[in-house]
Amino acid sequence: MPDVPSTALPPHVALRIAVTTGRRTTRSDLVVVGSRGSVHTPLGSPDATISEFPVSRLWPTVRALLPADSVARTAPAVTPTADRVPVDAEEAAVLPALVRHAVTVTVTARPTGTDARSNGPRTRDTLALRTWLLTARDLYSVTAAADGSTTVLRERAGAIAATLQWDVAGALDHLVGTLAATGAA
């Protein structure tokens, strides 16, 4: 990640947004360098486009890549911990039939420049991998544990935006810390 046409990128934060609806998955890559970002969408399409945006417009840019559904596109809202309870067995049994969209967001920090065409080593830190399920009315987060178990939690509309902002802020902080530790910042 990302599949970008330039041969080299300076230190950056990259996001991959994958949206699955039925049997179709659309992937888009976003790259944040300083106060600017670029989005390449949809990946693998002959009609793919690359456009730039100010980082202050990160959420509106991502929101446009999500399903046209208010549960997915709601402004940032954190789900209170008390409301984040796993679905019960009955709900888990019917959930697969209710899911309209699955959204996966990966956030990666790359403290060294990358060369998209080289086979040389690339330094990157995948900091977050989030999966969301959307039904007609509800939003669920899906978390896989190292032991192979999966937890599905009902979330408040707006949790995608709030979590994305948290993850990107953490990735930027990680990137600055890594660059400072190496003397590059």
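The values are calculated or read from the model by the stated rules, or taken from the named source; none is laboratory data. Please read these numbers as outputs of a predicted model, since none were measured by experiment. Glycine also receives a Cβ, built like all others from the backbone with ideal geometry; neighbour counts cover every protein chain displayed. Please note that ligands, DNA and RNA were not included when accessible areas were found on the heavy atoms of the full protein model with its side chains. Shrake-Rupley method; radii C 1.70, N 1.55, O 1.52, S 1.80 Å.
Taking only region 4-44 into account, find how many residues are in contact (Cβ under 8 Å) with a residue 12 or more places away in the chain and assigned to a strand (DSSP E or B). Break it down into steps so the answer makes sense when it comes.
First, the residues of region 4-44 that are in contact (Cβ under 8 Å) with a residue 12 or more places away in the chain: 4-21, 26-44.
From what's left, assigned to a strand (DSSP E or B): 8-9, 12-21, 26-33, 36-41.
Looking only at that region, the number is 26.
Quick one: T74 ticks every box in (1) within 23 Å of D173 (Cα to Cα); (2) among the hydroxyl-bearing types (S, T, Y); (3) in contact with a strand residue (DSSP E or B) (Cβ under 9 Å, 6 or more places away or on another chain); (4) touching a residue at least 40 places away in the same chain (Cβ under 8 Å) except a single one, so which number is it?
Here T74 meets the rest and fails (1).
May I ask you to say which residue of A144, A162 is hydrophobic (A, V, I, L, M, F, W, C), surrounded by 15 or more Cβ atoms within 10 Å (Cβ to Cβ), under 27 Å from P80 (Cβ atoms) and within 17 Å of the chain's Cα centre (by Cα)? Outline the logic, then answer.
Numbers: A144 fails: surrounded by 15 or more Cβ atoms within 10 Å (Cβ to Cβ).
Within the list A144, A162, the selection yields A162.
Does P121 count as outside any loop (DSSP other than H, G, I, E, B), open to solvent by 60 Å² or more (accessible area, probe 1.4 Å) and either at pLDDT 95 or above or more than 18 Å from R16 (Cα to Cα) (or both)? Show your work before the answer.
Details: outside any loop (DSSP other than H, G, I, E, B): no; open to solvent by 60 Å² or more (accessible area, probe 1.4 Å): yes; either at pLDDT 95 or above or more than 18 Å from R16 (Cα to Cα) (or both): yes.
The answer is no for P121.
Looking at T151, T131 in this structure, which one is surrounded by 15 or more Cβ atoms within 10 Å (Cβ to Cβ) and not in a helix (DSSP H, G or I)?
Working: T151 fails: surrounded by 15 or more Cβ atoms within 10 Å (Cβ to Cβ).
Among T151, T131, only T131 is surrounded by 15 or more Cβ atoms within 10 Å (Cβ to Cβ) and not in a helix (DSSP H, G or I).
Tell me, yes or no, whether region 42-62 has at least one residue that is of a type in the set (S, T, Y), over 16 Å from the mean Cα position of the chain (by Cα) and farther than 21 Å from A18 by Cβ. Steps first, answer last, please.
First, pick out the residues of region 42-62 that are of a type in the set (S, T, Y): 45, 49, 51, 56, 61.
Remaining after also requiring over 16 Å from the mean Cα position of the chain (by Cα): 45, 49, 51, 56.
Checking the rest, the ones that are also farther than 21 Å from A18 by Cβ come to 56.
Yes, because at least one residue in region 42-62 is of a type in the set (S, T, Y), over 16 Å from the mean Cα position of the chain (by Cα) and farther than 21 Å from A18 by Cβ.
Residues of region 47-64 being of a type in the set (G, A, S) and closer than 18 Å to V107 by Cα, which ones? Explain how you work it out, then say what you get.
First, the residues of region 47-64 that are of a type in the set (G, A, S): 48, 51, 56, 64.
The answer is S56, A64.
So is T49 in contact with a strand residue (DSSP E or B) (Cβ under 8 Å, 6 or more places away or on another chain) and under 20 Å from A157 (Cα atoms) or not? Don't jump to the end; show me each part of the working.
On the way: in contact with a strand residue (DSSP E or B) (Cβ under 8 Å, 6 or more places away or on another chain): yes; under 20 Å from A157 (Cα atoms): no.
No.
Residue under question is P10, and the condition is that it be of a type outside the set (A, V, I, L, M, F, W, C) and modelled with pLDDT under 90; does it hold?
Working: of a type outside the set (A, V, I, L, M, F, W, C): yes; modelled with pLDDT under 90: yes.
Yes; evaluated as a whole, the condition is true for this residue.
Where residues in region 87-99 are within 13 Å of L133 (Cβ to Cβ) and not acidic (D, E), which of them is least open to solvent (accessible area, probe 1.4 Å)? Show your work before the answer.
If we filter region 87-99 for residues that are within 13 Å of L133 (Cβ to Cβ), which is where we start, we get 87, 91-92, 94-99.
Filter once more, keeping what is not acidic (D, E): 87, 92, 94-99.
Details: V87: 29, A92: 48, V94: 74, L95: 11, P96: 96, A97: 93, L98: 94, V99: 46 Å².
Per the criteria, the residue is L95.
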